[in-house]
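The values are calculated or read from the model by the stated rules, or taken from the named source; none is laboratory data. All values derive from a computational prediction rather than experimental measurement. Cβ placement follows ideal geometry from the backbone for every residue including glycine, while neighbour counts extend to all protein chains displayed. Areas reflect the complete protein model, heavy atoms only, side chains present, ligands, DNA and RNA absent. Shrake-Rupley method; radii C 1.70, N 1.55, O 1.52, S 1.80 Å.
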Amino acid sequence: METVLKRKIKVGISECCFGSKVRYNGKGFDYVKNFGREKEQFIFYPLCPECLAGLGVPRTPISIKGGSGEDVLQGTAKIKNRKGEDVTDKLIKACEYSLELLKREGIYIYMYKEGSPSCGVYRTTLKDKRLGNPPGIFGAMLLKEGFFLVCADDLESPIKRWDIVRRVNAFTWIKEAEIENKNQLYEVWHTVKFLCQELDEKTARSLGHELSILDNIQKEDIEKYRKNMLEIIREP
Ligand code: SF4
């Protein structure tokens, strides 16, 4: 089994983190430049759900009212701009379309802008260090779909970047590894188990134990264990 990825990894990215000046205030950030030559490993797919929703640049800032992005998707919260206009439907449609684009291209890694009510995952505001109501709408969709989520701000730290690159590689490799039988499953596990143990020792050890006492194995079991490994690798 090949353990080295020989192709570029496709990565979705919040467009404002790719140098595009698409934020509500007409600003943007170039976090990708931090990769230096490592950038060559990736193909980037920049997306801005708020622009796709037709909100324009610059635009009146929006926020989640009455809950999180997940609540918006459940229909119990709304997204409004500072003028009080309801943009919930437009934004949900734009986020759904963005997700469809990523899935159509076989992308399952996304670098997001923290603090956004759309793309944020663990914060939906940066003001006064408050968390807001995380996740944002698009963040909630990506979490639910099992994406490997990278906070783009973390790309500024060399240590975090090193960790991100190794985990993105491992995640992609596990996701695409051909696993048809128990031996191949063991081969994948033995390749990634030390990384899994380093990231979450308790869960990794219990997974290792479960695998060691496996008897017969069905296709559904293989996918369940693949998912377990992916969940450990994508832990924040
Ligand atoms: S955080 Fe997302 S929605 Fe906001 S400007 Fe960046 S890409 Fe657009």
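Some points to look at:
- Backbone HN-Hα couplings from phi across segment 102-107 [Karplus 6.51/-1.76/1.60, Hz, Gly and Pro as x]: 5, 5, 4, 8, x, 9
- Taking amide H positions as modeled 1.01 Å from N, with prolines and chain starts lacking one, the residues under 5 Å from residue 79 and 5 or more places away or on another chain are 65, 87, 88.
- Only protein atoms count toward the accessible area here, which uses a 1.4 Å probe; on the chain, the carbon and sulfur part of that area reaches 50 percent.
- Taken about its Cα centre, the chain carries a charge dipole of roughly 1000 debye when the Cβ of each Lys and Arg holds +1 and the Cβ of each Asp and Glu holds -1.
- Residues whose amide H lies under 5 Å from that of residue 13, counting only those 5 or more places away or on a different chain, are 45, 47, 111; hydrogens are built 1.01 Å from N in the peptide plane.
- For segment 62-125, the set of GluC sites (Glu not before Pro) satisfying both a DSSP loop assignment and a count of at most 16 other C-beta atoms within 10 Å is given as 85, 105.
- Kirkwood Rh (inverse of mean 1/r, distinct Cα pairs), the chain, angstrom: 18.9 Å
- Whether segment 177-233 is rounded, prolate or oblate, judged on the alpha carbon gyration tensor where a/c under 1.5 counts as rounded: prolate
- Segment 74-108: trypsin sites (Lys or Arg not before Pro) in DSSP coil with no more than 16 other Cβ atoms inside 10 Å: 82, 83
- 3J(HN,Hα) from dihedral phi, segment 7-18, Karplus parametrisation 6.51/-1.76/1.60, rounded to Hz, x for glycine, proline: 10, 6, 8, 7, 9, x, 8, 4, 4, 6, 9, 9
- Within the shell of other residues whose beta carbon sits under 10 angstrom from the beta carbon of residue 146, the net charge comes to +2, with Lys and Arg scored +1 and Asp and Glu -1.
- Charge dipole (the chain, unit charges on Cβ, about Cα centre) - positive-most of 148, 174, 88: 88
- Isolated cysteines of the chain, defined as having no other cysteine beta carbon under 4.7 Å away, are 16, 17, 95, 119, 151, 196.
- Applying the criteria of a DSSP loop state and at most 12 other Cβ atoms within 10 Å to the GluC sites (Glu not before Pro) of segment 142-196 yields 145, 178, 180.
- Once the 1.4 Å probe is applied to the protein heavy atoms, the chain comes out at 53 Å² accessible per residue.
- The DSSP beta bridges internal to the chain are antiparallel in roughly 35% of cases.
- With the whole protein complex present, residue 153 retains an accessible surface near 50 Å², based on a 1.4 Å probe.
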